[in-house]
Each structure stands twice: as structure tokens, then as C-alpha cells.
Amino acid sequence: MLEQEQHQSTLQISGMTCAACANRIEKGLKKMDGVAEANVNFALERASVTFDPNKVSLDSLEQKIQALGYDTIKEKVDFELSGMTCAACAAKIEKVLNKLPGVSSATVNFALETAHVEYSAAEVTVDDMINRVKKIGYEARVKQDGTPDIDHKHKEIAAQKRKMWISAILSLPLLWAMVSHFSFTSWIYLPDFLMNPWVQLVLATPVQFIIGSQFYVGAFKALRNKSANMDVLVALGTSAAYFYSLYLTIQWALGTNGHHAPEMYYETSAILITLILLGKLFEMLAKGRTSEAIKKLMGLQAKTALVIRDGQELSIAVEDVIVGDVVLVKPGEKIPVDGEVLDGISAVDESMLTGESLPVEKKAGDAVIGATVNKNGSLKVKATKVGKETALAQIIKVVEDAQGSKAPIQRIADRISGIFVPIVVGIALVVFLVWYFAVVPGDFASALEKAIAVLVIACPCALGLATPTSIMAGSGRAAEFGILFKGGEHLESMHKVQTIVLDKTGTVTKGKPALTDVRLLDMDEREVLQLLGSAEKPSEHPLAEAIVEGIREKGIELAEPEQFEAIPGYGIRAVVTGKEVLVGTRKLMDRESMDYSQLHVEMEQLESAGKTAMLIAINGQFAGLVAVADTIKETSREAIMRLQQMGIEVIMITGDNERTARAIADQVGIHRVLAEVLPEGKADEVKKLQAEGKKVAMVGDGINDAPALATADVGLAIGTGTDIAMEAADVTLMRGELTSIPDAILMSNKTMANIKQNLFWALAYNSLGIPIAAIGLLAPWVAGAAMALSSVSVVLNALRLQRVKL
């Protein structure tokens, strides 16, 4: 049984004003399930926490501190790593980084060869981390934003090819000599000199010690750090075959065993090294394909921009554009950066971001997004976001973070990989002793061959690649469909969702309501609408914007209110030209003791038609109502039907009244509605569903959805919504359509199925391969081929996710 895992993390805290604050935080942390120890130092503004990662995460520790009214301060850095040969290497680097003082979290991705570290700059520096990684025998360098080291990868692949071909050329004569020994291949011509032990020694030695030096170096570094990896297994297995053959060669030269050439095993060591190098080459090429999504996204970026500086047009690299630059975009060109149109009218193809095939008309004052295509008119655009702040750069960052993150399912594979190699060495030793003393007493060569086969076939590489390659391929493919998972854990949890809560405005509906009806008592319509529009003018609520837009279309001039107050869940209060104006729901009128019974029936009729009615009072007198209607997105009904067919309960949540909400829900096929829920109540409703034992996903697009998105097991933000909602969410649906929700679940299902297939085959391969090798049914070179192919097969299986159709 694996012993309980404990992590220790240091968190930098801001906002503490006295020792009592530190005691409060310490007490709060200690109460959390899974926290073994917590110490908060007020003077250093630091918390040291020992916890069980299976029960509590670093994020939940930070959320607890934030819930108590304080903030955590963390620096983040990403490294590119080199020198790793298997999952055990990644586990060692991760363990060493996590033990550094000031490092709160370190995650190493073997497949991507990267490390993500969160740390306190007051305690540890980036150089400290690089030096610590170097000390245990690996190389680390800071990863540059948005510029993956493609040249470095190409050089690595070229070096691997060169080694493999030299090794293959030197090993081929040894393979020829071996093959000709079989009875069914005795007809193959074999030159006599190839059977000479000295010739075999000359051919095998460069393979063993020059080409194979990487395995000795890796094994030495691992053993020096009291760990074991794939290099240890390969170095042990091939050295045993080589040095036993060398011993037989010396005996033959001395004439101890007569003058007949003995049965050598040089081909075993040389062919093993060649096959392992070939497998690693295939693995490197296949792993390169898992990051295709990043390459495609980067390919969308414009390379140059035509800027206007000092009245002159200059063509510059897009990296040199600064905020405030005016960029000239001609028809057919990509818009290089995010910005605002200053001059010109054109249609812009935004399909790369929204999935919408029809171009969107843009005019002065409209926002445009970098990498979208200007279709038919020239535009002058003022740059508002450049470099890594642009929408495309943010999307690339989210995908990179997701591909570099770990899914919870990977933890067990990492722990097995960490203890696997020493166990295998022990098994190989037992196999050797059993064969030498019991099965074929005194036959050293035969016993050694079986032990070598066990050592070689049991490399845990496939196990280490099983999860990260699937996460890389799955999250990358999802991004191509406009679904951005922020981490592997969200890709995993999405397939467990049982209930989905949909916000109404902007999620089920388009979020672009229009003023449809005006019903007033005995008052001048133009005067009431002028007061109403002026009162609603400062509000950012979509319904308020619809009212203001509708009144302006009637040609009514609006004034600036002297006072304005938004009352969440009720409406607004404003003072316009000295008159008090109230606009809002029944609850607001009831609270202010307004009698609106004269229009009560009309109000119900409008609500039954799916319209939202807003009541108006001026100077303490009920004045009438206006109705606003929002149209349902074309794909909402289809998406909800797909979710229900998947067995998922769909609930709509809204601040609207029950009658309006029910009318909208009926149109899209939703059976359960939570109406008249105040913004702060949405998170509470999610908690109630979770208390019923359900895995809940929340889908929203507004600022008032952010708490509920953060509370849900999975939060999904509609990409056309606010930055705050997208920040709080775990998944961003860039295309703004509900059909992306079942697509996200389907992608999660397929990715998890792929991971389970990989883990099954990796574990089954080792579970079956070791006993088969132990009983003597596998020659060492066959075991080497099987080991190489196991890693390649896992990566190729993961790559199938890149062809998933949604």
C-alpha cells in the first residue's frame, strides 16, 4: 500500500495588520480537512502549511485565506527542461522543486518537458530553482512567453536521428550474426569474420560507451540523488550483456575454453540501445504533434503591422506595436492587435474567435480583435492591447497552461513511476537467482539473459506518458472548437457533471434585448420616456441599455441624472431634473408601497409572452411600465436537447420573475426554473444543488455570475461575456453558443476514455511483460523492441484525439 502523501507549501500573505490576524488565518487553515499543520508568521507575512494533496489543494488553501479577508501573493515561472528520460525523472525534479523554501507549488510535465512553479520571491529566486535542477543532473531555462523553443526541439530530434543511425549501422552486423544462428534462417550467408569475438567487441563498444553514454550519465545522476529511472534499467541490462560477453572474449583469447568462439551477447546490448533510441525518436516526433493546436493558434497571428507615426506609414514587426499606435489595416489583411476603430467602415471575419461565419460590420468606435480578417474596407485602428495582452495571446496562454497542467488521475501514475524502477531491479535480481540456482543450475548466461529481459521490458515510460499526452491532445483539439479548458483537472471533472445551471440573459438568450412595449397611465409619454431613459443611462444592465437605445430611437434627448443608485435584484433609483425616478421589479414597488394594480393584468400578459416588464414611479407616483424582450439564441434548444439526451439535468436561473422565466424555459425545453434569484443568491443555489450530492456546472456571462461560476464544480463562461466571468470560470466557451457545452462534455468523455486506455495498456504491458520475460519467453532484444513500441503506442493513441469530430 502506498504511504500517505504530504505536501508542504509556503504562502506569502498580504493584508495582516496585527498578530491576531495571523492567529485567525492559522486557526482557519488548521480546521480544513486534509491540513496536518499550519504556521503563520506575522512578521514575515508568511504561512507554512503541511497538507494531504488528495484531500485539499493549494487553490483551496488560498481561497480559505481570501475568504478570511486576506490576499496571497505568488510569483509564477515556467521552465523548459532537458535531460529527462522517463516519468521517474519528472517525479524527481518535481519533488526537489517542491522542497525548496518559498516554492508553494511545482508541477513537471514529462510529455511537454516543462515545469510550472508558483513561489514567493522573498524566499527563493528563479536562479535558485535553475541551480537546484542542475544539481540533480538536468537542465532548466526560463520559458519565453509565446515563443516555444522550436529550434531547440529540432536540434534534439536531429541529434537523436544521428545517434540512432550510427548505432543501427554498427549493430546491423551483430544482428546479422545473431539471425543466422536460428535454424529457420541458417540459409542466410554469414561472413566468418563477423563471428570473431574481437570484431563484435569493436562494433559493440562504441554503441555501448559513446552512443549509450547518455544512459550511464543519466543512471549516475539518478543514483547520486538516491532515485532510479529508465537509465538505470537500460545501463544495468546492457552493461550486464556487454561485460559478460567481454569476459567470454578474454577467456576465449586466453584459450581457457578452447579455440571455438563462445556464444556472445554483444548483439543484445547493441540492439537494445539501437531499439531504445529508435523508440525515443518516434516518441519525440509523436510528442511534437501533440502541440499542433498551439502551432495553429500561433499561425493565426499577423507577422507585421502598418503603423502611422509622425504622419508616415511604417511597416514594423507586430511585436514592436505599442499601445496608442494607429494601425492601418487594408482589405484582406489580418488586424495585427486588439484595438478600437478610429476611422473607416468594413466587415471583419471573426470566425477564428467566435465561430460565426458571417463577417461583422465595424465602424468608428467599435472594438476589433487581433488576428481577425478585414474583408472589404480600410480601417484605422488605435491599438489598445498588444503582445501578450491581446485576446489571441490570452487564448494561447490558456491552452499552454492546460496542456502543461496535471489531471488528478495522473497522481497515481506518478506515484507508481516513482517506486517502479527499484522494484523492477529487485525482481530482475530474484529472476537471475531463481534461474541460476533452480531452473538451469550453473548456467550463468541463460540466467543473465532472463534478468536482462526483465530489466529492459519494465521501463515505466509508457505509464508516465499515458495522461499528459492525452491532456495535451484533448485540450488542444477542444481549443480548435473554441472550448478553452484552463487545466487538466477541469477537463477531467467535466465528464462527471450531472446538473448544468444556465443563466438566462446572454447565455440562453442573446443578451441583446429590445424595448417592445410602453404602457403609461395619464401622463405625457414623451416626458415619462425622457425621465426613464435619463435615469437608466448610467446603468450597465442589458435591460437598461435596451430601454435607453429604444428611447433614443424615438428621437428623445436624454439628460444626465443628478443622482443614480443601482439596487441589485430590484432596479434603480435616480434623480433627473429634480424628479425622483424609480424603475424596477414588483419587489421594488412593494418595498416603496407603490400601487401598480391598474396595470397588473397587462404586466402578466407581457410576462407570459416571455417579456420582462419594468415598473416606473415618478415622484412617489406609479407612472406605468415598459416591456423589454430578449431573443433566444438559435442553438439553445438544440444544445439543451443534447444535454438532456446525455442524462444531464438542465436548470435555468434568473433574476426575472417566475412567469417570464417560465415562458423562456418552455421555448427551449427546460423543465426546472429558479426565478427571482438575486445576484448574490446564485452561488447559494449552486451550493444547495451540491448539497444534494450532485456535480454541478454553472454557465454564465456576466459579472454577477462570477461567484456562482467559482462555487460550481465546473464554471463555464460564455466567451462573449465579461472578463470577470471568464476569469472566474474553469472553461471558456469562445463561440458563445450553448452547443459548446455538450461538445465540452463529449471532449472530456473522449479524453478520459483515452487516458484510461493508455493507463490500462501501460499497466497491462508491464504486468504481463515482466512475468513473460521472467519465465524466459522473451529474448532481451524482443523485450527492448516491445518497450520502445509501448511508449510510441501510448502517444499515437493520444494523437487520435486530434481527429475527434464534435
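Scanning the stretch 662-712 for residues that are touching a Gly at 6+ places or on another chain (Cβ under 9 Å), assigned to a helix (DSSP H, G or I) and either open to solvent by less than 40 Å² (accessible area, probe 1.4 Å) or farther than 24 Å from GLU737 by Cβ (or both) returns ALA663, ILE664, GLY681, LYS682, ASP705, ALA706, ALA708, LEU709. The set of residues in the stretch 219-241 that are closer than 21 Å to SER790 by Cα and open to solvent by less than 40 Å² (accessible area, probe 1.4 Å) comprises ALA228, ASN229, MET230, ASP231, VAL232, LEU233, VAL234, ALA235, GLY237, THR238. The set of residues in the stretch 767-786 that are at pLDDT below 85 and open to solvent by 10 Å² or more (accessible area, probe 1.4 Å) comprises SER767, LEU778, ALA779, TRP781, VAL782, ALA785, ALA786. Working carefully through the options VAL528, VAL576, find the one that is touching a strand residue (DSSP E or B) at 6+ places or on another chain (Cβ under 7 Å) and more than 30 Å from LYS682 (Cα to Cα). Going through VAL528, VAL576 in turn, the sole match is VAL528.
When the residues of the stretch 561-579 are narrowed to those that are out of contact with any Lys or Arg (no Cβ under 7 Å at 6 or more places or on another chain) and of a type in the set (D, E, K, R), which ends up surrounded by the fewest Cβ atoms within 10 Å (Cβ to Cβ)? Here the answer is GLU562. Residues in the stretch 198-213 that are touching a residue at least 40 places away in the same chain (Cβ under 8 Å) and either aliphatic (A, V, I, L, M) or buried (at least 20 other Cβ atoms within 10 Å of the Cβ) (or both): 8 in all.
Within the stretch 476-511, the residues that satisfy the criterion of being over 22 Å from ALA708 (Cα atoms) and part of a loop (DSSP other than H, G, I, E, B) are PHE481, GLY482. Taken over the stretch 56-87, residues that are open to solvent by 10 Å² or more (accessible area, probe 1.4 Å) and over 21 Å from the mean Cα position of the chain (by Cα) amount to 13.
For LYS92, the conditions (1) over 30 Å from LEU278 (Cβ atoms); (2) at pLDDT 75 or above all hold with the exception of (1). Is it true that VAL103 is crowded, with 18+ Cβ neighbours inside 10 Å and more than 19 Å from the chain's Cα centre (by Cα)? Yes.
Each residue in the stretch 595-639 was checked for being of a type in the set (D, E, K, R) and touching a Pro at 6+ places or on another chain (Cβ under 6 Å), and 1 pass.
Pairs meeting the criteria (first residue in the stretch 16-35 and at pLDDT below 85, second residue among the acidic types (Asp, Glu) and buried (at least 16 other Cβ atoms within 10 Å of the Cβ), beta carbons under 8 Å, at least 6 apart or on different chains) are MET16/GLU45.
Only one entry in THR499, THR516, THR507, THR467 is at pLDDT 90 or above and of a type in the set (Ser, Thr, Tyr), namely THR499.
Of all residues in the stretch 717-727, those satisfying the criterion of being open to solvent by less than 40 Å² (accessible area, probe 1.4 Å) and either closer than 14 Å to GLY487 by Cβ or modelled with pLDDT of 65 or more (or both) are ALA717, ILE718, GLY719. For the stretch 683-696, a tally of residues being touching a residue at least 24 places away in the same chain (Cβ under 8 Å), out of contact with any Leu (no Cβ under 6 Å at 6 or more places or on another chain) and within 15 Å of VAL650 (Cα to Cα) returns 4. Could you tell me whether any residue of the stretch 472-494 is aromatic (Phe, Trp, Tyr), under 30 Å from LEU300 (Cβ atoms) and either surrounded by 24 or more Cβ atoms within 10 Å (Cβ to Cβ) or out of contact with any helix residue (DSSP H, G or I) (no Cβ under 8 Å at 6 or more places or on another chain) (or both)? Yes, that holds for at least one residue. In the stretch 625-637, the qualifying residues are those that are within 45 Å of the chain's Cα centre (by Cα) and in a strand (DSSP E or B), and the one that is farthest from LEU738 (Cα to Cα) is ALA627.
For the stretch 426-449, filtered to residues that are modelled with pLDDT under 90 and in a helix (DSSP H, G or I), the residue that is farthest from TYR265 (Cα to Cα) is PHE444.
Only one of these is out of contact with any Lys or Arg (no Cβ under 6 Å at 6 or more places or on another chain), in contact (Cβ under 8 Å) with a residue 24 or more places away in the chain and assigned to a helix (DSSP H, G or I): LEU778, LEU768, LEU801, LEU796. Name it. After applying the criteria, what remains is LEU796. Considering the conditions (1) open to solvent by less than 20 Å² (accessible area, probe 1.4 Å); (2) over 23 Å from ARG411 (Cα atoms), ASN754 is excluded by exactly one of them, (2). Among residues of the stretch 294-338 being of a type in the set (Asp, Glu) and touching a strand residue (DSSP E or B) at 6+ places or on another chain (Cβ under 9 Å), the one that is surrounded by the most Cβ atoms within 10 Å (Cβ to Cβ) is ASP338.
The values are calculated or read from the model by the stated rules, or taken from the named source; none is laboratory data. Here the structure is a predicted model, which means the values were calculated and not measured. With ideal geometry, Cβ positions are generated from the backbone for all residues, glycine too; neighbour counts draw on all protein chains shown. In case anyone asks, the SASA skips ligands and DNA or RNA and just uses the protein heavy atoms, side chains included. Shrake-Rupley method; radii C 1.70, N 1.55, O 1.52, S 1.80 Å.
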